[in-house]
Amino acid sequence: MTIALNDLTELYAPSYFKEFSLHYKLNEKQDDPANLSEVNVKTSGSGIFITPNFLDDCKSLFRKIDRHLSFRDINDGTFLLEKDDTQYIIYVELKSGYAAVKKKAIKQIPVSSVKIKSLLRNIQVFHSDDFIELGLIISFPPVPEDKYDSKNNDMVLNHKLNYMSVQMGSEDIIDKELRSNKKTCMKAGHFPNLSQDKLHEDIKFKQIMVYHCPVCGNGDTVDLDTILF
């Protein structure tokens, strides 16, 4: 059963949710005008956008795990999208520099998955098995100043993997696949610091296909139908 806007607003503040159809404008406040602050998203589907304030306003409820992964992290918004009779939860990350994709976005998506589902589970019509979860990272493309540039990515990465721990190796593999293929499957085993033993089975992070979409500047358009489906 599809979640309707009034299902959410009868329990949570209406300001956290915005209905959309065919297109949505993502905005993130930035002090530096050169940073990524606005992206137009289009899709043939429709649904509800959950603003980042939804998680931001409850982050003090969660304990911080450690410096690698924190339940206090939030994402830049979440789409509850219905398209072709299929329902999706799409966790969105906007990053200006590509280095932040590996440093922050990769870790924020699994945490956001757990937290969003834990809050949606309070809605009677929500069942996590009815949804396909996806991650969408939008950023400026890599530049030579990044840790691994596109020209020597394979050579540098393969050399460094011989000396990395399991956790750091997983992050680098995810990073490499996003750079090379623009998508990767992130699994719970990639994040050993994400403790889920006490979590309800319905909200656990298991695995998510994550897509990277490079944009050249503010105001660019991202077509979800082309990237995700």
Got a sec? Which strands (runs of 3 or more DSSP E) wholly within the stretch 34-115 have at least 3 residues that are touching an Asp or Glu at 6+ places or on another chain (Cβ under 6 Å)? 38-50, 86-95
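Listed here are the residues, each with its yes/no results for (1) within 27 Å of residue 46 (Cβ to Cβ); (2) assigned to a loop (DSSP other than H, G, I, E, B); (3) modelled with pLDDT under 90.
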| position | (1), (2), (3) |
| --- | --- |
| 149 | no, yes, yes |
| 157 | no, no, yes |
| 163 | no, yes, yes |
| 184 | no, no, no |
| 196 | no, yes, no |
| 199 | no, yes, no |
| 208 | yes, no, no |
| 213 | yes, no, no |
Assuming residue 189 fulfils every condition listed in (1) more than 18 Å from the chain's Cα centre (by Cα); (2) under 19 Å from residue 176 (Cβ atoms) apart from one, which condition is it? (1)
Tally of residues being modelled with pLDDT of 95 or more and crowded, with 16+ Cβ neighbours inside 10 Å across the stretch 54-74: 2
So which residues in the stretch 195-229 are touching a helix residue (DSSP H, G or I) at 6+ places or on another chain (Cβ under 6 Å), over 23 Å from residue 98 (Cα atoms) and among the aromatic types (Phe, Trp, Tyr), if there are any at all? 205
Under the condition of being surrounded by 16 or more Cβ atoms within 10 Å (Cβ to Cβ) and of a type in the set (Asp, Glu), which residue from the stretch 83-133 is modelled with the highest pLDDT? 133
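Can you tell me how many residues in the stretch 181-205 are in contact with a Lys or Arg (Cβ under 8 Å, 6 or more places away or on another chain) and surrounded by 14 or more Cβ atoms within 10 Å (Cβ to Cβ)? Let's see the steps before the verdict.
Step one: filter the stretch 181-205 for residues in contact with a Lys or Arg (Cβ under 8 Å, 6 or more places away or on another chain), giving 187-188, 191, 196, 200, 202-203.
Narrowing the set further to residues that are surrounded by 14 or more Cβ atoms within 10 Å (Cβ to Cβ) leaves 187-188, 191, 196, 203.
Of the residues in that region, 5 qualify.
The values are calculated or read from the model by the stated rules, or taken from the named source; none is laboratory data. The structure presented is a predicted model; accordingly, all values stated were derived computationally and were not measured. Positions of Cβ are backbone-derived with ideal geometry, glycine not excepted, and every protein chain shown enters the neighbour counts.
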